[in-house]
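Notes follow once the structure below has been shown.
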Amino acid sequence: MLAEARRDRAAAGGKADVRYRQQLAAYQARIAQARERRDKARAERDLLSRLRWGLVAWWRRLARPPRQPLSSAPTHDEEAIKGGMKGEQEVADVLRGALGDAWALVKGYRNRRGEIDYLLLGPGGLFAIEVKYVNGTFAITRERWRYVRYDKYGNQVGAGLLQDARRRPPNAQLAQPLAALEQFLASRGQPARMRPVVLLNHPKARISACAADVGVEVLTSTVALRDLVRAADEQISARKLADIERLVVRDHHFHEERRPAVKPVK
């Protein structure tokens, strides 16, 4: 996603540069034309025409040339994606420091229904985790995750809906690939239920209201996620965990190989 956003910015910058060169060439051509007419009048000893075109050339030189485009800064989409990467890395760092080697953390599992940021597999339980690093105060229902942003004085400075490119709220974004994964595991003789968790781990993320039927556990700190995992008390054998992890990786590679190729950013 970050590579695609950078490609879009580079393409927009290239178009702006082409427009600038065209406008600059037209500006220079207008000045050159006036000078040429002035010089022709001088050669023909046409004083009035020479004065007139001399003034035209002077005025055209005084006209402001087109402004060269600045090198484009990262877009809002890029900053949002990088923020998401920061939030996901925080989860990995905290969980690795808090859990033992019996736990496995699988990042970026993907199937035909979407992607899950983290699958956490351990003797205490199985977790599917969607991470959203968004600054906002959230009002959450099953259909919509609305948020507003406030400045340090309490003034509202922004608002929006938290959703993916398919306009799915985080609970649906997580539930759909998770249902497909659980179906796949059951079809391979390893039925398993994973606890769906949406983590809003931006330092300023808050929840003002959350409906009871959202279908996921919603947390606002990585520490809360750590404590949730530590408190899990299922008894899952090492053999079953190894089989589930193997199937998860296998299923991910199956779907990943069928994704359209993405050209690298140069």
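The values are calculated or read from the model by the stated rules, or taken from the named source; none is laboratory data. Predicted model, so just to flag it, every value in this text is computed and none were measured. Note that each Cβ is placed from the backbone with ideal geometry, even for glycine, and that neighbours are counted across all protein chains shown. Quick note on the areas: whole protein, heavy atoms, side chains included, nothing else; ligands and nucleic acids left out. Shrake-Rupley method; radii C 1.70, N 1.55, O 1.52, S 1.80 Å.
Restricting to the range 179-198, name every residue that is open to solvent by 70 Å² or more (accessible area, probe 1.4 Å) and in a helix (DSSP H, G or I).
Answer for the range 179-198, where residues must be open to solvent by 70 Å² or more (accessible area, probe 1.4 Å) and in a helix (DSSP H, G or I): Gln183, Ser187.
Condition check for Ala175 on (1) outside any loop (DSSP other than H, G, I, E, B); (2) modelled with pLDDT under 95: one failure, at (2).
Any residue at all in the range 191-199 that is farther than 18 Å from Lys107 by Cβ, touching a helix residue (DSSP H, G or I) at 6+ places or on another chain (Cβ under 6 Å) and of a type outside the set (Ser, Thr, Tyr)? So that I can check it myself, show each step before the final result.
Looking only at the range 191-199, we keep the residues that are farther than 18 Å from Lys107 by Cβ, and these are 191-193.
This time we only want the ones that are touching a helix residue (DSSP H, G or I) at 6+ places or on another chain (Cβ under 6 Å), so: 192.
Then keep just the ones that are of a type outside the set (Ser, Thr, Tyr); that gives 192.
Yes: one or more hits.
Looking only at residues of the range 93-107 that are free of Cβ contacts under 8 Å to residues at least 60 places away in the same chain and assigned to a strand (DSSP E or B), we find that the one that is farthest from the chain's Cα centre (by Cα) is Leu105.
For (1) without any contact (Cβ under 8 Å) to a residue 12 or more places away in the chain; (2) over 16 Å from Lys204 (Cα atoms); (3) of a type in the set (Ser, Thr, Tyr); (4) loosely packed, with under 14 Cβ neighbours inside 10 Å, each residue gets a yes or a no:
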| position | (1), (2), (3), (4) |
| --- | --- |
| Asn135 | no, no, no, no |
| Phe138 | no, no, no, no |
| Thr141 | no, yes, yes, no |
| Tyr147 | no, no, yes, no |
| Asp151 | yes, no, no, yes |
| Pro177 | no, yes, no, no |
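Any residue that is open to solvent by less than 70 Å² (accessible area, probe 1.4 Å), over 20 Å from Leu120 (Cα atoms) and of a type in the set (D, E, K, R) - is there at least one of those in the range 220-241? Scanning the range 220-241 turns up no residue that is open to solvent by less than 70 Å² (accessible area, probe 1.4 Å), over 20 Å from Leu120 (Cα atoms) and of a type in the set (D, E, K, R). Please work out which residue is farthest from Tyr147 (Cα to Cα), limiting yourself to the range 204-236 and to residues that are of a type in the set (Ser, Thr, Tyr) and in contact (Cβ under 8 Å) with a residue 24 or more places away in the chain. For the range 204-236, the residue satisfying everything is Thr222.
Could you tell me which residue of the range 39-64 is modelled with the highest pLDDT, considering only residues that are closer than 30 Å to Arg19 by Cβ and open to solvent by 60 Å² or more (accessible area, probe 1.4 Å)?
Leu55
Yes/no matrix, rows are residues, columns are (1) of a type in the set (Ser, Thr, Tyr); (2) touching a helix residue (DSSP H, G or I) at 6+ places or on another chain (Cβ under 6 Å):
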| residue | (1), (2) |
| --- | --- |
| Leu178 | no, no |
| Arg188 | no, yes |
| Glu217 | no, no |
| Ser237 | yes, no |
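Residues in the range 168-180 that are of a type outside the set (D, E, K, R) and over 13 Å from Asp117 (Cβ atoms): Pro169, Asn171, Ala172, Ala175, Gln176, Ala179, Ala180. Can you tell me which residue is farthest from Gln176 (Cα to Cα) among those in the range 117-159 that are among the β-branched types (Val, Ile, Thr) and assigned to a strand (DSSP E or B)? Among those residues, the one meeting the criterion is Val157.
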